[in-house]
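Trainee: I am attaching a structure below and will ask some questions about it afterwards.
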Amino acid sequence: MTVDYDIVVIGGGSGGLVVAAAAAQLKAKVALVEKDKLGGDCLWYGCVPSKSLIHAARVAHEVKNASRFGISSDNVQIDFAQANGHVQKVIQAIQPHDSPERFEGMGVEVIFGSGQFIDRHTFEVNGKKLTARNFVVSTGSRPAVPPIPGLKEAGFLTNEQVFSVTERPDSMVVVGAGPIGCELGQSFQRLGCQVTMISSRDQIMPKEDPEAAAVVEKQLLAEGVRIVKNARADKVELIDGKKCVWAGDEKIVVDEILLSVGRSPNVETLNLEAAGVEVGKKGIKVDSALQTSNSRIYACGDVIGGYQFTHVAGYEAVVVLTNALFSPIKKWFPSKANYRVIPWATFTDPELARVGLTAQQAKERYGDDVMILKQPFEDVDRAQAEAATTGFAKIITTKKGEILGAHIVGSSAGELIHEIVLAMANNLKVSALTGIHIYPTLTEVNSKAALLLQKSNFADNEFLQSFLPRFFGFLRSR
Ligand SMILES: Cc1cc2nc3c(=O)[nH]c(=O)nc-3n(C[C@H](O)[C@H](O)[C@H](O)COP(=O)(O)OP(=O)(O)OC[C@H]3O[C@@H](n4cnc5c(N)ncnc54)[C@H](O)[C@@H]3O)c2cc1C
């Protein structure tokens, strides 16, 4: 059967753009279908605006707290509209990289519209039937909206509206204390809004190392964020223009509600049933080659419901690209997605970065053969110089030094984790991290943590403990 394209990509965000660009550069015939704007959540409503807002909020925080360095900062004024204006400027600066013109220049046919599958090998958009050797679904996710009575009537924000707010609410409830809730909650608090966070668990950021999450929580509380734990928002009422949120016994009265309770995959309008593509609770079901139940259709990014990060969508896009583009060969030995070494960071202040297993997961898998190497930033001279002594690096290894995971909470944790990521990805032992590091840098937190294994092995080595003093005694007496 003759088809129109090598690949049709549905969804032009972090995953889809990588597939489309790389396929076109390899001279394949590619169509990219996008229902809204190229760039996806990351550019418009996710990573880019959130990190820009975090930066503006951080500057506000630094200025307010500059007096500890003898710098006077009385009467700090925050123009919220201008702080959020910075967010829009950053989006505009990055947007040309994801523009339709750029992709068309590469040879991608960009089609704006929201289409659907009409059978196992045809996608219809704007009345045009697209056939392809392979399809890639990369339609991402959207904020989940729980059925809280009164919520819709009272009105609320999600990540899709929050970056366009020009007037600062004086008070805000953040429902959900995961990474997005914590990043945005701290930013709004720093920009002068009284924030209350509602966490359904006892721990904020429940996927993270509990000790590391506790460091972030302590900082949030110190900055004035209120955290209501083990509670769910279960009713909302609008009273005299204010929003009243009930969470268990608590009644929280605020100007605005921000929802950050998880993500739902964008699958509903694609008519995946007609294409024979199975969908589970978390999203489209794929195998390790990221192939769906229809062998012509692949999926990547948030829509498959795994690790929902831009860099993971990009990684999966490369797996999908090779398998889909070279399918006649690749079907015999497909590229497989490998999630052993997936790092991520939450860009609160202090930042919290992670790769691999938590201590608890490591103990469940490796029993007693687990070492926890914990190095506080306090002992790192550069951290002292920058008054950034909060937090620690925790590297989890086997007793022989195989790295199982790492958790860094502290200044620049999202940058510092990469040295450990590189070591893990290349199966280097933790001793590889003890090599020379520039003094004074924060990276010494990694080398100092890694050295703890050698120190512990030496302390436990009874032979060396008794032999070395005698050996040196012998040398001195000669
Ligand atoms: C507030 C926030 C902060 C974040 N911060 C980070 C961060 O710091 N680091 C990080 O790695 N990740 C971060 N993320 C996650 C990151 O944004 C996503 O993991 C990433 O965008 C997923 O890429 P994707 O290609 O799967 O989806 P997207 O990039 O969202 O792209 C999906 C595209 O498909 C389109 N689409 C949807 N339905 C259809 C349809 N029916 N037909 C055609 N097109 C369709 C959409 O319009 C969109 O353009 C953040 C997310 C949020 C919400």
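The values are calculated or read from the model by the stated rules, or taken from the named source; none is laboratory data. Note that the structure is predicted; figures quoted are calculated from it, not measured. FYI the Cβ positions are ideal-geometry reconstructions off the backbone, even for glycines, and counts take in every protein chain you see. Just the protein is used for accessible areas: all its heavy atoms, side chains included, with ligands, DNA and RNA removed. Shrake-Rupley method; radii C 1.70, N 1.55, O 1.52, S 1.80 Å.
Results for (1) assigned to a helix (DSSP H, G or I); (2) more than 9 Å from the ligand (Cβ to nearest atom); (3) in contact (Cβ under 8 Å) with a residue 60 or more places away in the chain, shown as yes or no for each residue.
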{"site": "Leu38", "(1), (2), (3)": "no, no, yes"}
{"site": "Leu43", "(1), (2), (3)": "yes, no, no"}
{"site": "Ala57", "(1), (2), (3)": "yes, yes, yes"}
{"site": "Ser67", "(1), (2), (3)": "yes, yes, no"}
{"site": "Ile71", "(1), (2), (3)": "no, yes, no"}
{"site": "Asp74", "(1), (2), (3)": "no, yes, no"}
{"site": "Ala83", "(1), (2), (3)": "yes, yes, yes"}
{"site": "Lys89", "(1), (2), (3)": "yes, yes, no"}
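Trainee: Among the numbered criteria (1) closer than 22 Å to Glu217 by Cβ; (2) buried (at least 17 other Cβ atoms within 10 Å of the Cβ), which one does Gln361 miss?
Mentor: All conditions pass for Gln361, except number (2).
Trainee: Something else about it: Inspect segment 51-63 for any residue being modelled with pLDDT under 95, of a type in the set (Gly, Ala, Ser) and closer than 30 Å to Val225 by Cα and give the result as yes or no.
Mentor: no
Trainee: Here is a follow-up. State which residue is nearest to Arg58 (Cα to Cα) when the search covers only segment 327-364 and only residues that are in a loop (DSSP other than H, G, I, E, B) and of a type in the set (S, T, N, Q).
Mentor: Keep residues of segment 327-364 that are in a loop (DSSP other than H, G, I, E, B), which gives 331-342, 347-350, 357-358.
Applying the additional criterion that residues be of a type in the set (S, T, N, Q) yields 335, 338, 348, 358.
Values: Ser335: 41, Asn338: 35, Thr348: 10, Thr358: 29 Å.
So the residue we want is Thr348.
Trainee: Residues of segment 188-205 being of a type outside the set (Gly, Ala, Ser) and either open to solvent by less than 30 Å² (accessible area, probe 1.4 Å) or within 16 Å of the ligand (Cβ to nearest atom) (or both), which ones?
Mentor: Of the residues in segment 188-205, the ones of a type outside the set (Gly, Ala, Ser) are 188-191, 193-198, 201-205.
Once the filter is applied, which keeps residues that are of a type outside the set (Gly, Ala, Ser) and either open to solvent by less than 30 Å² (accessible area, probe 1.4 Å) or within 16 Å of the ligand (Cβ to nearest atom) (or both), segment 188-205 yields Phe188, Gln189, Arg190, Leu191, Cys193, Val195, Thr196, Met197, Ile198, Ile204, Met205.
Trainee: If you don't mind, another one. Pairs only if they're at least six apart or on different chains, beta carbon under 7 angstrom, first in segment 451-473 and farther than 20 Å from Ala432 by Cα, second open to solvent by 70 Å² or more (accessible area, probe 1.4 Å); list them, first residue then second.
Mentor: Pairs that qualify, where the first residue is farther than 20 Å from Ala432 by Cα and the partner is open to solvent by 70 Å² or more (accessible area, probe 1.4 Å), are Leu464/Phe458.
Trainee: Which strands (runs of 3 or more DSSP E) does segment 92-187 wholly contain that include 2 or more residues that are open to solvent by less than 20 Å² (accessible area, probe 1.4 Å) and in contact with a His (Cβ under 9 Å, 6 or more places away or on another chain)? Even if it seems obvious, please write down each step before you answer.
Mentor: Working: elements: 108-112, 116-119, 122-125, 128-137, 141-143, 171-175.
Answer list for segment 92-187: 128-137.
Trainee: Evaluate segment 237-246: report whether one residue or more is buried (at least 17 other Cβ atoms within 10 Å of the Cβ), within 21 Å of Gly178 (Cα to Cα) and more than 16 Å from the ligand (Cβ to nearest atom).
Mentor: Within segment 237-246, the subset buried (at least 17 other Cβ atoms within 10 Å of the Cβ) is 243-246.
Narrowing the set further to residues that are within 21 Å of Gly178 (Cα to Cα) leaves 245-246.
Retained after the next criterion (residues that are more than 16 Å from the ligand (Cβ to nearest atom)): 245-246.
Yes, some residue in segment 237-246 is buried (at least 17 other Cβ atoms within 10 Å of the Cβ), within 21 Å of Gly178 (Cα to Cα) and more than 16 Å from the ligand (Cβ to nearest atom).
Trainee: On the basis of being within 11 Å of the ligand (Cβ to nearest atom) and among the charged types (D, E, K, R), does Lys27 make the cut? I'd like the intermediate steps shown before the answer.
Mentor: On the way: within 11 Å of the ligand (Cβ to nearest atom): no; among the charged types (D, E, K, R): yes.
For Lys27, the condition - within 11 Å of the ligand (Cβ to nearest atom) and among the charged types (D, E, K, R) - is not met.
Trainee: Can you tell me which of (1) within 11 Å of the ligand (Cβ to nearest atom); (2) in contact with a strand residue (DSSP E or B) (Cβ under 6 Å, 6 or more places away or on another chain) is the one Phe163 doesn't meet?
Mentor: Unmet condition: (2).
Trainee: State whether one or more residues within segment 206-225 are touching an Asp or Glu at 6+ places or on another chain (Cβ under 6 Å), modelled with pLDDT of 95 or more and either over 28 Å from Ala353 (Cα atoms) or open to solvent by 10 Å² or more (accessible area, probe 1.4 Å) (or both).
Mentor: Residues of segment 206-225 touching an Asp or Glu at 6+ places or on another chain (Cβ under 6 Å): none.
Scanning segment 206-225 turns up no residue that is touching an Asp or Glu at 6+ places or on another chain (Cβ under 6 Å), modelled with pLDDT of 95 or more and either over 28 Å from Ala353 (Cα atoms) or open to solvent by 10 Å² or more (accessible area, probe 1.4 Å) (or both).
Trainee: Does any residue of segment 318-326 turn out to be open to solvent by 50 Å² or more (accessible area, probe 1.4 Å) and either assigned to a loop (DSSP other than H, G, I, E, B) or modelled with pLDDT of 95 or more (or both)? First the steps, then the outcome.
Mentor: At the first step, the residues of segment 318-326 found to be open to solvent by 50 Å² or more (accessible area, probe 1.4 Å) are 318, 326.
Right, trim to either assigned to a loop (DSSP other than H, G, I, E, B) or modelled with pLDDT of 95 or more (or both) and you get 318, 326.
Checked against the condition, which is being open to solvent by 50 Å² or more (accessible area, probe 1.4 Å) and either assigned to a loop (DSSP other than H, G, I, E, B) or modelled with pLDDT of 95 or more (or both), segment 318-326 yields at least one hit.
Trainee: Identify all residues within segment 337-358 that are open to solvent by 80 Å² or more (accessible area, probe 1.4 Å) and touching a helix residue (DSSP H, G or I) at 6+ places or on another chain (Cβ under 7 Å); write none if there are none. Full working, then the answer.
Mentor: Residues of segment 337-358 that are open to solvent by 80 Å² or more (accessible area, probe 1.4 Å), as a first pass: 338, 340.
Correct list: empty.
Trainee: In addition: Do you know which residues across segment 272-301 are open to solvent by 30 Å² or more (accessible area, probe 1.4 Å) and either within 10 Å of the ligand (Cβ to nearest atom) or hydrophobic (A, V, I, L, M, F, W, C) (or both)?
Mentor: Ala274, Val279, Val286
Trainee: Shifting gears a bit: Among the residues in segment 305-313, are any open to solvent by less than 60 Å² (accessible area, probe 1.4 Å), touching a residue at least 40 places away in the same chain (Cβ under 8 Å) and not in a loop (DSSP other than H, G, I, E, B)?
Mentor: Checked segment 305-313: at least one residue is open to solvent by less than 60 Å² (accessible area, probe 1.4 Å), touching a residue at least 40 places away in the same chain (Cβ under 8 Å) and not in a loop (DSSP other than H, G, I, E, B).
Rundown of residues vs (1) at pLDDT 95 or above; (2) within 13 Å of His97 (Cβ to Cβ); (3) open to solvent by 10 Å² or more (accessible area, probe 1.4 Å), yes/no style:
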position	(1), (2), (3)
Thr2	no, no, yes
Val8	yes, no, no
Gly15	yes, no, no
Val19	yes, no, no
Leu26	yes, no, yes
Ala31	yes, no, no
Asp36	yes, no, yes
Gly40	yes, yes, yes
